[in-house]
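Down below is the structure, laid out as structure tokens.
The values are calculated or read from the model by the stated rules, or taken from the named source; none is laboratory data. Being a predicted model, the structure only gives us computed values, none of them experimental. Positions of Cβ are backbone-derived with ideal geometry, glycine not excepted, and every protein chain shown enters the neighbour counts. Note: areas computed on protein heavy atoms with side chains; ligands, DNA, RNA excluded. Shrake-Rupley method; radii C 1.70, N 1.55, O 1.52, S 1.80 Å.
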Amino acid sequence: RYNLGVFEDITERKAAEEAQRRLAAIVETSDDAILSRDLHGIITSWNQGAERIFGYTAQEIIGQPNTLLHPPELRDEEDRLLKKVRQGERIEHYETVRLHKDGTPVEVALTLSPLKNEKGEIIGASKVIRDITEQKRAQEVIRASEERFHLLADNVVQLIWTAEADGSSMWFNKRWFEFTGMTGEEIRANAKDIHHPDHFERVTRSLKARDESGKEWEETFPLKNKHGEYRWFLANARPIHDAQGRVARWFGTCTDITSEREAQERMRESEERFRMLADNMSQMAYVADGLGRITWVNRRWLEFTGMNVGEMNDGGWAKAVHPDHFGSMVSTYLTAQEKGEPWDHIFRLRNTKGEYRWFLSRSMPIKNEQGEVVRWFGTNTDITEQKLAEEALEESAKHKDHFLATLAHELRNPLAPLKNGLQLMELAPDDPQMLETTRTMMVRQLDHMVRLVDDLMDLSRISRGKIELLKEEVDLSIIVATAMEASRPLIERNQHQFEVKIADGPFVINGDTARLTQVVSNLLNNAAKYTPSGGRILLTVEREKDEAVIRVKDNGIGIDPSAIGGVFDMFAQVDPQQKGQAAGGLGIGLNIVQRLVRMHHGQVEGHSEGLGKGSEFIVRLPLVATPEKPRTASTPLTAEQIAQQRRVLVVDDNEDAALSMSLILKKRGHDVQVAHDGEQGVAMAESFRPEVILMDIGMPKMNGYEACARMRESEWGRSMHIVALSGWGQEEDRKKSQEAGFDRHIVKPIDRGTLERLMIEAPINGH
């Protein structure tokens, strides 16, 4: 007997049933309403999401018409949607309104799909309904917020703009249109037209740097309004970051500060040596309430002091203001507060590095209709540079006063013996010995005055870079010999022991003979002046590698080692009490020495072991590697040359100067005539036909330049040797003389030796 069994494979059916169960679970747990309806509008399925959204249970709604969920005014809408479903269309995210069980409207988004049977026939529709009520409310809140923002932005005085991070989709408030007369698109397209041409490139670069850095931006620049007028604006832009910290957009304002700038300009006019504020000058600002308690500080304040509002109110002023100024600052501020008056004060503020800078602080009271101060607005402007300039001016004034007093003293010193000498010559006209002694003294004092004036002129030319070196290859021994001759009278007068040691040469340098002679002579004169009578002075010249080294050493009063570093400074003088004798000179000789040596690419230094132990000054000059034949000393004038007679015309409106010079020339046997203005000089030159003309520059009727040019226009005046005599000796003065036609330019006063050499060296008949 057998049992017969039949096995049926139901794997696919089980899988389908499992899939059906999973799908049913998903449908039941979905937050969205998932339901179906037939082609007559009868609801055939209803999940828990639908119950949560509309309040109906499945038992209450299944079998009911779909119109139960429709507001009366939208019932035709369902017919239109059903018609599309019957045609096989799928409708996605259709936003509309449906009714809750309690009758309240629900904002929803529908997705409808055709529902088909096994034969593929459309038998109804499935719906997925999402509650978007909260989303709609959020959108409404955003829209209302946008409306409020635009309302606020369009009614403030600033020009306001916003932009995406990449600069696109810019929005401008109504004030922009009122100011420029342009729409937003026109402003974007014609930005260059509303910017001042002098500032456009700067602002463009600044904006680009802002975009690259993603940091807050501030600039000051002018913008042109619709009437073609420029007004100044303070522009600020702040980045708005997204959740990841990236710049999502920019919010910017432009505040009209034209009136403030005009006020600042008036302030600057009353402040000495204060330049126009730069367009991007940083300014710290703050706002305080009526009681003076800080309520806001700007970014500049935070960057400078590192303190926020809370820290400022918690004793911050005492930390920021310099202790020397804190008491007066508080006192004056409280007084202004009590009176409700504007306040300004100057004091120092400390930055985050611990450095103090000077500020002009100003605070303006803002009052209500009753005249009560409701807040204070204050600014702090950095005036450190101005304060430093004022201190420099004060220091310069001290130096100037000291220099003028010293100059007056040094000029009076030779003037007194000159005046006494004239009186002696009147008292003893028949005493040859007295006359010779007096004459020698007067020449010495006059030479001293000339050196003072020459030093002043040299210092002025060197300081302004107007001096030009006439360089040539010359043996240093010639320069030293000439300087020794110039300084020998002072050395002999003080009865010094003078020793010279010059190593085997040659010492050929490329330099200006006159200027280097001046260097050596100044050092010798200093040694003679500050060494007591009978002291020792040693001058040595030697080679060290590729340099010539000149040393001037004495056993005089010496210099305090602590002061040796300042002996080359302008107007530097050793304390007379330290020297034990009166101060001499203007304190510019060593400064000139240093400047001239540096112009020759050399160095000068001073040494002293202390007071009473003498001094030594060392000059180092570069030697010429392969010298050509150096210049030698000029040949002394012969008696025959000195005796040569010339026709000479002296033209000078100073009658005493003209007379004295003509007498000297006549004493040497020259034929001399005198004129006292330019016109007279031209006329006399035409009739007298002199070989040499010595002519002053500054004269009435016709000055020396004009007179010389007039003479050169005529054939008879082209061969004459015309020499300009002037108290002005700068390079530009010499150049002007040359352009006017002068052959030479000599600075007054002219000594006898120079006068005699002029007569000898002047060409004969233009040759």
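Annotations
- Yes/no for ALA514 being within 19 Å of ARG620 (Cα to Cα), open to solvent by 50 Å² or more (accessible area, probe 1.4 Å) and not in a strand (DSSP E or B): yes
- Search result, residues across region 330-385 that are part of a loop (DSSP other than H, G, I, E, B) and among the basic types (Lys, Arg): LYS353
- Enumerated helices (runs of 4 or more DSSP H) restricted to region 636-718, each holding at least 2 residues that are open to solvent by less than 30 Å² (accessible area, probe 1.4 Å): 655-667, 678-688, 704-713
- Unique match (being charged (D, E, K, R), modelled with pLDDT of 85 or more and closer than 19 Å to LEU596 by Cβ) among GLU472, GLU468: GLU472
- Check on ILE564, of a type in the set (A, V, I, L, M), at pLDDT 55 or above, open to solvent by less than 50 Å² (accessible area, probe 1.4 Å) and over 20 Å from THR482 (Cβ atoms): yes
- Scope region 123-179; condition within 20 Å of ALA191 (Cα to Cα), open to solvent by less than 80 Å² (accessible area, probe 1.4 Å) and modelled with pLDDT under 80; matching residues: ALA165, GLY167, SER168, MET170
- Wholly within region 160-252, helices (runs of 4 or more DSSP H) carrying at least 1 residues that are in contact (Cβ under 8 Å) with a residue 12 or more places away in the chain and of a type in the set (Phe, Trp, Tyr): 174-180
- Options ILE697, ILE722; residue that is modelled with pLDDT under 90, in contact with a helix residue (DSSP H, G or I) (Cβ under 6 Å, 6 or more places away or on another chain) and within 22 Å of SER660 (Cβ to Cβ): ILE697
- Residue check, ALA548 in a strand (DSSP E or B), touching a strand residue (DSSP E or B) at 6+ places or on another chain (Cβ under 7 Å) and buried (at least 21 other Cβ atoms within 10 Å of the Cβ): yes
- Scan region 485-503 for residues that are open to solvent by 30 Å² or more (accessible area, probe 1.4 Å) and either modelled with pLDDT under 85 or part of a helix (DSSP H, G or I) (or both) and the total you get is 7.
- VAL247 meets each of the listed conditions (1) out of contact with any Lys or Arg (no Cβ under 8 Å at 6 or more places or on another chain); (2) modelled with pLDDT of 85 or more; (3) of a type in the set (Val, Ile, Thr) apart from (2).
- Selection count where residues are touching an Asp or Glu at 6+ places or on another chain (Cβ under 9 Å) and of a type in the set (A, V, I, L, M), scope region 308-342: 1
- Matching residues in region 642-681 - criterion: being of a type in the set (S, T, N, Q) and either over 23 Å from PRO763 (Cβ atoms) or within 58 Å of the chain's Cα centre (by Cα) (or both): ASN654, SER660, SER662, GLN680
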